[in-house]
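Notes follow once the structure below has been shown.
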Amino acid sequence: MKKKLMVQILVSICFFALFSCKQDISYKQMEEQVGKITSLTELGTVEYVVTKIVKANDNATWYKFGDRKILFSCKAILKAGIDLSKLEDSDIKANIEKKSISITLPGAELLSVNLKPENIKLIYEKTSITRSSFSNKERDAILAQGEADILKSVPDMGIFDDAENNAKLFLEAFLKQAGFTNVNIEFKKHS
């Protein structure tokens with residue numbers, strides 16, 4: 001329900017920002033647009049699709065004869081953006097008379113990771129006759145390690161830089177369309 005409301009608000013903001021033809025916007029309308037920004041909880045600005053090959057090799061040890069190998073292909077959808085619930089009143093400084101606004105946004109973060117079962121494909125599995133197949137628990141552990149590897153590589157992907165750049169472009173355009181002539185968007189440093 002919360003996501004549905006967020007999507008409706010975001011769609012109404014985009015609609016207003018892109019299709020508003022008014023050149024002379026009142027102070028009240030400018031204040032309402034700032035209020036719409038603060039009412040959002042998340043601003044998702046970038047989506048990456050990451051494919052990861054996950055493999056496991058359980059070779060024979062002195063007490064096991066034969067080996068087991070398994071190979072999966074996983075596709076994860078990563079969404080990044082700005083968590084606007086972390087925005088504080090002191091982060092927005094607006095001067096309606098001068099038509100200027102300055103916003104300090106929280107740094108971009110990963111908003112969701114979606115690894116759907118239909119996006120996980122077993123590519124290869126080989127089990128020696130003297131060994132049992134990989135159990136569901138073992139497969140889940142292998143896939144969990146693959147997901148952990150994806151999450152570990154997120155900072156090196158540039159997804160956070162892209163999310164911040166897209167958020168800045170969107171909000172600058174939106175606020176200028178709302179009547180502000182001087183717009184300054186900055187981001188807090190990650191701790």
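Please state the shape class of segment 51-103: rounded when a/c is under 1.5, otherwise prolate if a/b exceeds b/c and oblate if not, all from the C-alpha gyration tensor. Prolate. For segment 41-48, putting each phi into the Karplus relation 6.51 cos²θ - 1.76 cosθ + 1.60 with θ = phi - 60° gives couplings of 9, 9, 10, x, 10, 8, 10, 10 Hz, in residue order, rounded to whole numbers and with x for Gly and Pro. The mean of 1/r over all distinct Cα pairs in segment 101-185, once inverted, gives the Kirkwood hydrodynamic radius of 17.1 Å. Using just the C-alpha positions of segment 146-191 as equal point scatterers, what log10 of I(q)/I(0) does the Debye formula give at each q in 0.20, 0.24, 0.26, 0.32 1/Å? The calculated log intensity ratios at q = 0.20, 0.24, 0.26, 0.32 Å⁻¹ are -0.73, -0.87, -0.94, -1.10. Electrostatic bookkeeping for Ser73 treats Lys and Arg as +1 and Asp and Glu as -1; over the other residues with beta carbon under 9 Å from its beta carbon, the sum is +3. If R0 is taken as 35 Å, the Cβ-Cβ distance between Glu97 and Glu186 corresponds to a FRET efficiency of 0.95.
What do you get when you divide the Cα radius of gyration of segment 40-191 by 2.2 N^0.38 Å, with N the number of residues? Mind dumping the intermediate values first?
Values: Rg = 23.1 Å, N = 152, 2.2 N^0.38 = 14.8 Å.
It is 1.56.
At full extension, Leu151 and Val50 could sit 35.3 nm farther apart than now, given 0.36 nm per residue minus the alpha carbon distance. Summing charges over neighbours of Tyr124, with a neighbour being any other residue whose Cβ is under 12 Å away from its Cβ, gives +4 when K and R count +1 and D and E count -1.
Values quoted throughout were computed directly from the atomic coordinates according to the rules given, and no laboratory measurement underlies them. Small disclaimer: the values here were computed from a predicted structure and weren't measured. With ideal geometry, Cβ positions are generated from the backbone for all residues, glycine too; neighbour counts draw on all protein chains shown.
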